[in-house]
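J.: Structure below; questions to follow.
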Amino acid sequence: CYSTTSGIPGVRERTLIAVKPDGVQRRLVGQIMQRFEQRGFKLVGLKMLKASDELLSQHYHDLNKKPFYPNLLRYMTSGPVVAMVWEGHNVVRTSRMMVGDTNPAEAHPGTVRGDFSIHISRNVVHASDSVEGAQREIQLWFNRKELMDWDCCDHSNTYQV
Ligand code: IDP
Ligand code: MG
């Protein structure tokens, strides 16, 4: 192992990725996680849970006036979710690209939504859309003790150290 103390700006950026109930039901968790691992991001938090209405109303605070919101709540509480926190340089923006457009009909092949989904009402995965949003969401879904600070031994092959 090399030293992992890196001066690269943003290398500690974190984002919330969640496999939604349709993705869990369809046994896509492993394939989705694999994409983030193989890209080089570091997993720092992981859990399976049934999201509560209370958690979701905070998570989707900007959407509660939308006509689809009741269906969104029903969808997101229909089964377990796998929530994860991934860390790395530019992870928020890169993971939005990896996840693809909100509407799977617009999502490019090669993205999670573009490869695994068809309709906006069942789009498999959540990804935070800004660094500030990610911080807010991570605090909602995870407590401090559930987030791991650990050194990945191949750090020097992912970043210049
Ligand atoms: P995002 O998940 O790509 O960030 P948002 O606009 O934040 O997209 O919407 C959150 C979630 O709400 C979407 O992922 C999708 O599950 C659901 N959603 C958004 N727009 C619609 C819609 O027009 N019909 C049904 N569900 C929608
Ligand atoms: Mg969003």
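The values are calculated or read from the model by the stated rules, or taken from the named source; none is laboratory data. All values derive from a computational prediction rather than experimental measurement. We place every Cβ from the backbone using ideal geometry, glycine too, and count neighbours over all the protein chains shown. Note: accessible area is taken over every heavy atom of the protein model, side chains too, but ligands, DNA and RNA are not part of it. Shrake-Rupley method; radii C 1.70, N 1.55, O 1.52, S 1.80 Å.
J.: Just checking, does region 59-73 include any residue being in contact with a strand residue (DSSP E or B) (Cβ under 7 Å, 6 or more places away or on another chain) and modelled with pLDDT of 95 or more?
T.: no
J.: While we're looking at this one, here's another question. Exactly one of (1) without any contact (Cβ under 8 Å) to a residue 60 or more places away in the chain; (2) part of a loop (DSSP other than H, G, I, E, B); (3) of a type in the set (G, A, S) is unmet by G10. Its number?
T.: (1)
J.: Now, a different point. So is V44 at pLDDT 95 or above, of a type outside the set (D, E), open to solvent by less than 10 Å² (accessible area, probe 1.4 Å) and closer than 20 Å to T158 by Cα or not?
T.: On the way: at pLDDT 95 or above: yes; of a type outside the set (D, E): yes; open to solvent by less than 10 Å² (accessible area, probe 1.4 Å): yes; closer than 20 Å to T158 by Cα: yes.
Here the answer is yes, as V44 does meet what is asked.
J.: Take the residues of region 89-106 that are within 13 Å of ligand 1 (Cβ to nearest atom) and in contact with an Asp or Glu (Cβ under 7 Å, 6 or more places away or on another chain): which is least open to solvent (accessible area, probe 1.4 Å)?
T.: V92
J.: When the residues of region 134-149 are narrowed to those that are of a type in the set (D, E) and within 17 Å of K42 (Cα to Cα), which ends up least open to solvent (accessible area, probe 1.4 Å)?
T.: Per the stated criteria, the residue is E146.
J.: What residue, among those in region 49-88 that are hydroxyl-bearing (S, T, Y) and part of a loop (DSSP other than H, G, I, E, B), is least open to solvent (accessible area, probe 1.4 Å)?
T.: Y60
J.: E37 - would you say it is without any contact (Cβ under 8 Å) to a residue 12 or more places away in the chain, farther than 19 Å from T102 by Cα and touching a strand residue (DSSP E or B) at 6+ places or on another chain (Cβ under 9 Å)?
T.: Here the answer is yes, as E37 does meet what is asked.
J.: Conditions: (1) more than 16 Å from ligand 2 (Cβ to nearest atom); (2) open to solvent by 90 Å² or more (accessible area, probe 1.4 Å); (3) hydrophobic (A, V, I, L, M, F, W, C); (4) within 19 Å of T15 (Cβ to Cβ). C152 meets all but one. Number of the miss?
T.: (2)
J.: Okay, moving on. Anything in region 107-124 that is part of a loop (DSSP other than H, G, I, E, B), under 18 Å from V24 (Cβ atoms) and within 11 Å of ligand 1 (Cβ to nearest atom)? List them, or say none.
T.: Across region 107-124, the qualifying residues are S117, H119, S121, R122, N123, V124.
J.: I've got another one for you. Report, ordered by the first and then the second residue, all pairs with beta carbons closer than 6 Å, sequence separation of six or more or different chains, a first member in region 107-132 that is farther than 15 Å from M97 by Cα, and a second member that is within 16 Å of ligand 2 (Cβ to nearest atom).
T.: Close Cβ pairs (under 6 Å, with a partner that is within 16 Å of ligand 2 (Cβ to nearest atom)) amount to S117/P104; S117/N123; S117/V124; I118/P104; I120/N103.
J.: Given (1) near ligand 1 (Cβ under 10 Å from one of its atoms); (2) under 17 Å from R27 (Cα atoms), where does M84 come up short, assuming only one miss?
T.: Exception for M84: condition (1).
J.: Can you tell me which condition V29 does not meet? The list is (1) of a type outside the set (S, T, Y); (2) away from ligand 2 (no atom under 16 Å from the Cβ); (3) open to solvent by 20 Å² or more (accessible area, probe 1.4 Å); (4) more than 27 Å from P109 (Cα to Cα), and all the others hold.
T.: Among (1) of a type outside the set (S, T, Y); (2) away from ligand 2 (no atom under 16 Å from the Cβ); (3) open to solvent by 20 Å² or more (accessible area, probe 1.4 Å); (4) more than 27 Å from P109 (Cα to Cα), V29 violates only (4).
J.: In region 125-149, which residue that is aliphatic (A, V, I, L, M) and either in contact with a Pro (Cβ under 8 Å, 6 or more places away or on another chain) or not in a helix (DSSP H, G or I) (or both) is nearest to ligand 2 (Cβ to nearest atom)?
T.: Restricting to residues being aliphatic (A, V, I, L, M) and either in contact with a Pro (Cβ under 8 Å, 6 or more places away or on another chain) or not in a helix (DSSP H, G or I) (or both), the top hit is A127.
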